[in-house]
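The values are calculated or read from the model by the stated rules, or taken from the named source; none is laboratory data. Note that this is a predicted model, so its numbers are computed, not measured. Note that each Cβ is placed from the backbone with ideal geometry, even for glycine, and that neighbours are counted across all protein chains shown.
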Amino acid sequence: MRGFFKIFFATLLALIIFVVVIVVVLIGVAGNVLSPEKPDIGSKAVLVVDLGQSYKEVMQDNPLSGLSSDEDEEDIPGLYDLVRILRHAAQDSAIRGIYLKCNSDPNGFASNEEIRHALVDFKKSGKFIYAYGDMIPQKAYYVASVADKIYCNPKGDVDWRGFATQMMFLKGALDKLEIQPQIFYAGKFKSATEPLRADKMTDANRLQLTELLGDFYNRLLSGTAQARGLDTAVLRKCANENLIQHAKDALDYKLIDGLRYDDEVKDELRDKLGVDKHAWLNFVALGKYAKAINFKATGKDKISLIYAEGDVVDGKGDKDDIGSDTYRWLIRKARFDKDVKAIVLRVNSGGGSSLASENIWRELSLARKEKPVIVSFGDVAASGAYYLSCDADSIFALPGTITGSIGVFTVIPNLQGFFKDKLGVTFDGVKTAPEADEMTITKPLNALEREWIQNDIDTIYHDFKMRVANGRGKSMDYIDSIAQGRVWSGTKGQSLGLVDRTGTLQDAIDCAARMAGTKDYRLVESPEPKGFFDRIISSYKRSASVKAMKDEIGEDGYHTYSTLKKIRSLVGVTQTRLPFDLVIE
């Protein structure tokens, strides 16, 4: 027995020591990450802007970035952070220029416009911008077109084919499975439910997407022509006749300035910087540079900048959603704070729950009675996201913004045939009132239920149009004529009166400051980032689950899974949502 206790206490002591050591190590790691020393940028630095990164509205932080020297492990700045970083870099003598990596571009058209504007402003400093890619896609090329030099790998490619979008239709699969979607909607262009009720695009959807892509394509052509001194007719001909098949073709038509391998571009940069041909170039990642500088303005007054990105959902939501409870509180907090002189809401969302949109609209309307409220649209601000924004003092969008989609729908599937004929499962039960089991998925809706649901959809659609008409100072008849669930580009949205001005987020902030009568201000940005340990846990869970699924079913399979998951979220909730799978390439 004495030997047992001896071993037991020795083991317990070892365990306690181990736990203490781990805690000390974690505290040390947390201390280094939470209070890191500012990195030394050095001299003759070249800031690296990778268009292959997805720049969200809010910084994507890697909680362990301070422990690694790998640039891929650095934090990814938010889109507006990137703009402010480039503004600071233009005045920083340590930064000599920018190296733009153009191998891919997952960002939306409006985000690319923000980045492109920031690069144009950077060039005014007289510093250089070099762009390089092995395979340069069209969206990345549009951003890169403002560079002093654009180089492509001699064996690479410059994509110049025009834009296209493709939708996946599930009606045939649902028919085979004997699943009846039971769809209710208002607005002939409301195509979010189209994949469930058709096997190809309707004429209305084809019309709206053709015009939308046309607006974006014209922007690509005109922007490229202006930046490169080319003719839009020649650029259009290159796409129509597929003349850019190899990198050399892009050089012949002056889309790029040369064919270079990576090492040759870097040798040219060494010559430009005046460093030895064997010296390591001082490339600085955006995340590292952000830690080395203070790029956020300081001032006496406060302007509240609230980022709203993701689906509009009821309740609190999570970090990737616009939860109505969370955002009502954020707006109310800014409204009650007497030091906050104006509110800027940055919206990047395809919409979601109609009730959540109404609740956030209400809070913004109350705030507008007390201080200026400006809304800035990102890549997407449509349907429910437009609903919650429409009563602002002023709405800014970029030409590449997708907006509008003023319409409503809901989906209630009938799975009776699927359960009975495919699985051999049937249902039965009792109820205390005739409609106690209304809208269940185990039986078809009756005529009375269908009438109730459609009346509810029509009422919400009427309220939606009324909110827009009152907020935009238009008649209900006019709003009805441009509503119908139709999506528009930011450029078209302005001409229709859905948007007040085309401009960047900085333009919207400048407008808010003017309306508030202040020049001495600082931004109070929200939502605030999570704590260190919360970030570690959530980052691990998110990346591990997504990676595991992609490894198992591949990128295309994961895309299909994401689409089906979105369809599931539509069921039984009245939606003011954009067509859920609009990918433009």
Going through (1) surrounded by 19 or more Cβ atoms within 10 Å (Cβ to Cβ); (2) under 30 Å from Lys369 (Cβ atoms); (3) of a type in the set (Val, Ile, Thr) one by one, Val284 fails only at (2)
Give me a count of the residues in region 173-195 that are part of a helix (DSSP H, G or I) and of a type in the set (Asp, Glu).
2
Name every residue in region 248-272 that is farther than 12 Å from Tyr130 by Cβ and in contact with a strand residue (DSSP E or B) (Cβ under 7 Å, 6 or more places away or on another chain), in order of residue number.
Lys248, Ala250, Leu251, Leu255, Leu259, Tyr261
When you scan region 233-256, how many residues do you find that are within 18 Å of Cys152 (Cβ to Cβ) and assigned to a helix (DSSP H, G or I)?
9
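Given the condition of a type outside the set (A, V, I, L, M) and surrounded by fewer than 23 Cβ atoms within 10 Å (Cβ to Cβ), answer yes or no: does some residue in region 341-352 qualify? Please lay out each step first, then the result.
The first filter runs over region 341-352 and keeps only residues of a type outside the set (A, V, I, L, M), leaving 341, 346, 348-352.
Filter once more, keeping what is surrounded by fewer than 23 Cβ atoms within 10 Å (Cβ to Cβ): 341.
Yes; the residues of region 341-352 include at least one that is of a type outside the set (A, V, I, L, M) and surrounded by fewer than 23 Cβ atoms within 10 Å (Cβ to Cβ).
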Just name the residue that is farthest from Asn205 (Cα to Cα) out of those in region 132-177 that are of a type in the set (A, V, I, L, M), touching a Lys or Arg at 6+ places or on another chain (Cβ under 7 Å) and at pLDDT 95 or above.
Val146
Taking Ile95 and the conditions (1) of a type in the set (A, V, I, L, M, F, W, C); (2) modelled with pLDDT under 80; (3) over 28 Å from Ala308 (Cβ atoms), which numbered condition does it fall short on, given that it satisfies the others?
(2)
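What number of residues within region 243-264 satisfy the criterion of being of a type in the set (A, V, I, L, M) and more than 32 Å from the chain's Cα centre (by Cα)? Outline the logic, then answer.
Residues of region 243-264 that are of a type in the set (A, V, I, L, M), as a first pass: 243-244, 247, 250-251, 255-256, 259.
Imposing the further condition that a residue be more than 32 Å from the chain's Cα centre (by Cα) reduces the set to 243, 251, 259.
Total satisfying the criteria: 3.
State whether one or more residues within region 369-378 are closer than 24 Å to Gln208 by Cβ, in the same structural domain as Pro527 (by TED's automatic domain parsing) and in contact with an Asp or Glu (Cβ under 7 Å, 6 or more places away or on another chain).
From region 369-378, those closer than 24 Å to Gln208 by Cβ are 375-378; that's our starting set.
Applying the additional criterion that residues be in the same structural domain as Pro527 (by TED's automatic domain parsing) yields 375-378.
Applying the additional criterion that residues be in contact with an Asp or Glu (Cβ under 7 Å, 6 or more places away or on another chain) yields 378.
Yes, some residue in region 369-378 is closer than 24 Å to Gln208 by Cβ, in the same structural domain as Pro527 (by TED's automatic domain parsing) and in contact with an Asp or Glu (Cβ under 7 Å, 6 or more places away or on another chain).
Quick check on region 269-287. Is at least one of its residues acidic (Asp, Glu) and under 28 Å from Gly493 (Cβ atoms)? First the steps, then the outcome.
From region 269-287, those acidic (Asp, Glu) are 271, 276; that's our starting set.
Right, trim to under 28 Å from Gly493 (Cβ atoms) and you get none.
So far as region 269-287 goes, no, none of its residues is acidic (Asp, Glu) and under 28 Å from Gly493 (Cβ atoms).
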Gln208 fails exactly one of (1) under 25 Å from Asn414 (Cβ atoms); (2) touching a Gly at 6+ places or on another chain (Cβ under 9 Å), namely (1)
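Going by the conditions given, is Arg328 closer than 22 Å to Gly497 by Cβ and in contact with an Asp or Glu (Cβ under 8 Å, 6 or more places away or on another chain)? Talk me through it step by step, then tell me what you get.
Values: closer than 22 Å to Gly497 by Cβ: no; in contact with an Asp or Glu (Cβ under 8 Å, 6 or more places away or on another chain): yes.
Considered against the rule, which asks whether it is closer than 22 Å to Gly497 by Cβ and in contact with an Asp or Glu (Cβ under 8 Å, 6 or more places away or on another chain), Arg328 comes out as no.
One line per residue, one yes/no per condition, for (1) polar (S, T, N, Q); (2) surrounded by 13 or more Cβ atoms within 10 Å (Cβ to Cβ); (3) under 36 Å from the mean Cα position of the chain (by Cα):
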site: Val425; (1), (2), (3): no, no, no
site: Leu445; (1), (2), (3): no, yes, no
site: Glu449; (1), (2), (3): no, yes, no
site: Asn455; (1), (2), (3): yes, no, yes
site: Ile460; (1), (2), (3): no, yes, yes
site: Asp477; (1), (2), (3): no, no, yes
With the requirement that a residue be of a type in the set (A, V, I, L, M, F, W, C) and either outside the structural domain of Glu57 (by TED's automatic domain parsing) or part of a loop (DSSP other than H, G, I, E, B) (or both), what does region 94-109 give you?
Ala94, Cys102
Go through region 215-242 and give me each residue that's exposed (fewer than 13 other Cβ atoms within 10 Å of the Cβ) and under 28 Å from the mean Cα position of the chain (by Cα).
Gln226
Here is a check on your reading of the model: is Lys266 charged (D, E, K, R), out of contact with any His (no Cβ under 8 Å at 6 or more places or on another chain) and not assigned by TED's automatic domain parsing to the domain that holds Ala144?
no
Quick one: is Asp393 on the phi < 0 side of the Ramachandran plot, acidic (Asp, Glu) and modelled with pLDDT of 90 or more?
yes
Given the conditions (1) hydrophobic (A, V, I, L, M, F, W, C); (2) closer than 18 Å to Val158 by Cα; (3) outside the structural domain of Ala89 (by TED's automatic domain parsing); (4) assigned to a helix (DSSP H, G or I), every one holds for Leu230 apart from (4)
